[in-house]
1. From the phi angles alone, apply the Karplus equation (6.51, -1.76, 1.60; θ = phi - 60°) to the range 33-46 and give each ³J(HN,Hα) in whole Hz, x where the residue is Gly or Pro.
2. Based on other C-beta atoms within 10 Å, arrange Thr6, Thr29 from fewest to most.
3. Give me the net charge for the shell around His60: Cβ to Cβ below 14 angstrom, other residues only, Lys and Arg +1, Asp and Glu -1.
4. Multiplying the sequence separation of Trp13 and Ile58 by 0.36 nm and subtracting their Cα-Cα distance, what value in nm do you get?
5. For Cα Rg over 2.2 N^0.38 Å, several values are listed as [x] 1.11; [y] 2.01; [z] 1.55; flag the one computed from this structure.
6. Could you put Lys65, Lys18 in order, starting from the residue whose Cβ has the fewest other Cβ atoms within 10 Å?
7. Take Leu48 and Glu66, extend 7 Å from each Cα along the Cα→Cβ direction, and tell me the distance between the two endpoints in nm.
8. Using θ = phi - 60° and the Karplus relation 6.51 cos²θ - 1.76 cosθ + 1.60, list the HN-Hα couplings for the range 62-70 in order, rounded to whole Hz, with x at every Gly or Pro.
Amino acid sequence: MLGSLTRATNFCWLIVLKILAQFVILGCTWMLGLYQLNLCFRVLFRILNSQQGTFLFIVHCALNKEVVFSLIVLEFLNII
């Protein structure tokens, strides 16, 4: 019982961290869009905004234990 409770708590924290990461990726880059007062903010906004897909891939796929484990298994079986 205690083990499943700990697992559920860890899963909840993982979801919260992913939500926060997604908020930073999607929301905070647009904060730079509001402050396009000089060239530095404009360039930062364009670079970070164009890389949102890359950041989302890293958060949801590359850092996912199931995906990493599946890739390791497929590589071990020489399927990739």
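None of the figures in this text is laboratory data; all of them are computed from the coordinates on show. Quick caveat: nothing in here was measured; it's all calculated off a predicted structure. Backbone-built Cβ (ideal geometry, glycine too); neighbour counts: all protein chains shown.
1. With the stated coefficients, the range 33-46 comes to x, 6, 10, 7, 7, 10, 5, 4, 5, 5, 5, 4, 4, 5 Hz.
2. Taking fewest neighbouring Cβ atoms as first place, the list is Thr6, Thr29.
3. Computed value for this residue: +1.
4. 14.4 nm
5. Comparing each candidate, only [z] matches the computed number.
6. Lys65, Lys18
7. Inter-label distance under the simple model: 3.1 nm.
8. Values, residue by residue: 5, 9, 7, 5, 5, 5, 4, 4, 4 Hz.
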